[in-house]
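**Q** This is the structure, below, for whatever I ask next.
The values are calculated or read from the model by the stated rules, or taken from the named source; none is laboratory data. Just so we're clear, the structure is a prediction, and the values are computed from it rather than from any experiment. So basically every Cβ, Gly included, is an ideal-geometry build from the backbone, and we count neighbours across all protein chains shown.
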Amino acid sequence: MDHKKMGDDIVRLVGGEANINGLVHCATRLRFDLKDSKKAERETLEKHDGIITVVESGGQFQVVIGSNVAHVYAEIMKNRDFGGDSSSSAESTGEKTSVLSKVFEIISGSFSPLIPAMAGSGMLKALLTVLTMLGWMSDTSDTYLILSAAGNAVFYFLPIFLGITLGMKLKANPYVAGVIGAALMEPNFTGLMDKGSDVSFLGIPVVMMNYSASVFPIFISISIYAVLDKLLKKIILKDLQLFLVPMIALMIMVPLSAMAFGPFGTTVGDWISSGVTWLIGVSGILSGIVLGGFMTFMVVFGLHWGFTPITIQNIGVGGDPIEAMAAAAVFAQIGVAFGIFLKAKKNKTLRTLAGSTSLTGLLAGVTEPIVYGLILRYKRVIPIVVIAGAIGGAINGHFGVKMTAYVFHNIFAIPVYTPTVVYVIAIACSFAVAAVLTVMFGYESKTKDTVSEKNESVSSTSVESTPEELPVVPEAKTTEIKKEQIYSPLTGKAVALSTINDPAFSTGAMGKGLAIVPEIGEVIAPVDGVVTSLFPTGHAIGLTTNAGTEILIHIGINTVALKGKHFNPVVQEGDIVRQGDLLIQFEIDKIKEAGYETVTPVIVTLTQQEVDVFETTQEHVQKNDVLLTLVV
């Protein structure tokens with residue numbers, strides 16, 4: 001995958017650099033803060049190679065990519081500076097946004113950059129737990145203490161890190177915001193706790209508290225600081241702002257945080273945590289059903305961010321029951337993916353997707369590819385993931401299972417949940433129920449109509465029952481063979497995909513097929529079917545045959561950079577075409593003059609059954625010659 005090209009495409013399709021206020025990323029998705037989300041070409045993004053889906057939630061425009069997100073983000077940020085996040089897109093466009101959405105947006109933008117550090121630290125703590133349980137390491141050894149420091153640091157100094165990310169989010173100086181958090185951790189300040197109730201500032205009593213791993217106090221303090229920072233910049237001469245604004249801000253905010261915002265935030269956090277704990281205590285089973293059953297969809301809408309501060313707060317005081325119950329949803333998702341893997345024996349593409357995402361979920365706890373690539377695609381499994389998640393959540397809720405370190409929910413993180421045996425039973429139930437129900441009841445294809453057509457053997461002119469130019473097949477089986485022929489959309493030299501200077505095509509990652517070096521700048525329909533995708537730049541087109549096979553024709557390599565120059569599509573998405581109809585005209589010479597190759601891959605990207613793809617042996621093909629033959 002060309003991460004640079006993909007990053008450039010995404011920036012262009014979200015409306016260009018001028019439309020981006022800010023950008024951060026989490027484990028699987030790019031989170032854009034756009035000035036005007038209406039400028040983003042959502043449908044085109046969703047059809048882009050390497051993009052799983054697009055979600056708009058919490059004031060963010062989220063492009064879900066999967067495990068390659070960090071590489072794409074790095075390429076986007078090269079020679080660009082969007083900052084972390086800035087004002088919401090709703091504000092930029094004058095649209096109204098709810099207070100709740102704004103709060104979730106701020107929480108999301110503040111925690112997203114910290115998730116890798118917190119997840120890595122949590123997994124390190126889980127590893128240390130296993131090593132001490134097995135007796136392979138003493139919890140008093142120097143080695144343990146050094147590694148424990150690495151695992152605890154991000155949580156102990158969370159007010160500092162949150163101060164920085166929150167400052168970025170609120171457009172205040174992030175490092176001054178970090179210093180405000182650091183002041184509450186500085187030895188001179190923490191040493192005052194030994195004095196008990198005798199601490200004061202200018203004669204005003206100060207209630208001393210431990211702010212390590214705290215969340216709510218720093219949220220309140222930095223929110224106030226962001227307002228103060230803007231006010232000071234308005235009233236202080238520009239030439240003096242470099243030192244005077246941060247100095248006055250620190251002189252005001254640190255004492256206020258110690259005297260008011262800190263104690264108030266701590267109290268609010270304790271109240272919220274106690275309230276959630278009380279609700280769980282009233283009915284752990286009901287709480288587990290709600291969180292385990294519906295956490296999948298809370299994540300889709302970004303509502304899970306509301307639990308993050310509470311989770312961190314709970315972990316700091318012994319353990320969090322919320323994430324323990326929510327973990328059941330993750331293993332229910334993995335179970336659905338594994339069930340599809342077992343069920344989809346005849347669909348190699350889907351089976352590969354389900355298998356790979358199952359492993360990613362089990363080993364890393366990253367399940368967005370399952371949610372967006374499978375669950376939301378095959379609607380029949382939605383009640384299955386709800387039921388399976390609710391069962392595991394109810395078990396964890398009833399027995400009071402807690403998460404003691406911030407981790408992604410995967411098999412390696414099991415030691416941080418207590419009681420561990422109950423937790424293992426709960427997630428195993430969620431996984432097994434989801435997998436079994438998926439195998440029993442199947443999954444619903446978004447192309448079920450075309451599947452029905454194929455099952456009824458309704459064929460177009462490109463589907464025949466007497467194969468030609470195929471390997472010899474025993475006579476007894478000949479009557480069972482069905483084939484579909486893909487005709488050449490171009491006139492030119494036929495070349496193997498492996499010779500193309502683009503790994504997405506040459507490795508076969510996109511699918512099987514052939515490439516053509518065109519001699520005439522016209523692309524015709526290689527089958528009877530429907531135009532299901534047409535890139536705005538006109539350089540690529542996707543068609544679905546009457547038998548449900550999806551075909552991609554990509555004119556040239558990296559020609560998306562031409563932004564539509566030298567391409568003239570004559571059809572639109574949704575058009576029904578007959579084999580031989582003109583689809584696109586393009587100027588070969590001008591494309592070459594611009595420095596781009598014109599070699600054109602013709603690829604079978606998806607079929608409704610597992611098929612063998614046979615390529616023509618002709619070195620030169622004419623339009624309407626048989627290019628590929630698919631045999632079921």
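**Q** Tally time: how many residues in the stretch 546-573 are touching a Leu at 6+ places or on another chain (Cβ under 9 Å) and of a type outside the set (A, V, I, L, M)?
**A** The total comes to 7.
**Q** For the stretch 66-115, which positions are modelled with pLDDT of 75 or more and closer than 25 Å to residue 361 by Cα?
**A** Scanning the stretch 66-115 gives 69, 70, 71, 72, 73, 74, 110, 113, 114.
**Q** Follow-up question, since we're still on this one. With the condition kept exactly as written, say whether any residue in the stretch 583-592 is touching a helix residue (DSSP H, G or I) at 6+ places or on another chain (Cβ under 8 Å), among the aliphatic types (A, V, I, L, M) and at pLDDT below 90. Reasoning before the result, please.
**A** First pass over the stretch 583-592, keeping only residues touching a helix residue (DSSP H, G or I) at 6+ places or on another chain (Cβ under 8 Å): 591.
Filter again for among the aliphatic types (A, V, I, L, M), leaving 591.
Add one more test, that the residue is at pLDDT below 90, and what stays is none.
No: zero hits.
**Q** Among the residues of the stretch 324-363 satisfying the criterion of being of a type in the set (S, T, N, Q) and buried (at least 18 other Cβ atoms within 10 Å of the Cβ), which is nearest to residue 408 (Cα to Cα)?
**A** Of everything passing the filter in the stretch 324-363, 360 is nearest to residue 408 (Cα to Cα).
**Q** Also, quick follow-up: Taking the criterion of being touching a helix residue (DSSP H, G or I) at 6+ places or on another chain (Cβ under 9 Å), surrounded by fewer than 21 Cβ atoms within 10 Å (Cβ to Cβ) and either over 20 Å from residue 629 (Cα atoms) or not assigned by TED's automatic domain parsing to the domain that holds residue 47 (or both), would at least one residue in the stretch 570-580 satisfy it? So that I can check it myself, show each step before the final result.
**A** From the stretch 570-580, those touching a helix residue (DSSP H, G or I) at 6+ places or on another chain (Cβ under 9 Å) are 573; that's our starting set.
Going one step further and asking which of them are surrounded by fewer than 21 Cβ atoms within 10 Å (Cβ to Cβ), we end up with 573.
Now drop any that are not either over 20 Å from residue 629 (Cα atoms) or not assigned by TED's automatic domain parsing to the domain that holds residue 47 (or both), which leaves 573.
Checking the stretch 570-580: at least one residue is touching a helix residue (DSSP H, G or I) at 6+ places or on another chain (Cβ under 9 Å), surrounded by fewer than 21 Cβ atoms within 10 Å (Cβ to Cβ) and either over 20 Å from residue 629 (Cα atoms) or not assigned by TED's automatic domain parsing to the domain that holds residue 47 (or both).
**Q** Let me ask something else about it. Go through (1) within 26 Å of residue 11 (Cα to Cα); (2) within 30 Å of the chain's Cα centre (by Cα) for residue 569 and report which single condition fails.
**A** (2)
**Q** Next up: In the stretch 150-175, what residues are at pLDDT 90 or above and of a type in the set (Ser, Thr, Tyr)?
**A** 175 - this is the single residue of the stretch 150-175 that is at pLDDT 90 or above and of a type in the set (Ser, Thr, Tyr).
**Q** Go through (1) farther than 30 Å from residue 23 by Cβ; (2) aliphatic (A, V, I, L, M); (3) surrounded by fewer than 18 Cβ atoms within 10 Å (Cβ to Cβ) for residue 185 and report which single condition fails.
**A** Unmet condition: (1).
**Q** Moving to a separate point now. Return yes or no: is residue 215 buried (at least 17 other Cβ atoms within 10 Å of the Cβ), modelled with pLDDT under 85 and of a type outside the set (Ser, Thr, Tyr)?
**A** On the way: buried (at least 17 other Cβ atoms within 10 Å of the Cβ): yes; modelled with pLDDT under 85: yes; of a type outside the set (Ser, Thr, Tyr): yes.
When the stated conditions are applied, residue 215 passes them.
**Q** Give the stretch 161-181 a look and list any residue that's over 16 Å from residue 309 (Cβ atoms), part of a helix (DSSP H, G or I), in contact (Cβ under 8 Å) with a residue 24 or more places away in the chain and more than 24 Å from the chain's Cα centre (by Cα), or say none.
**A** Listed by number, the residues that qualify are 167, 174, 176, 177, 179, 180.
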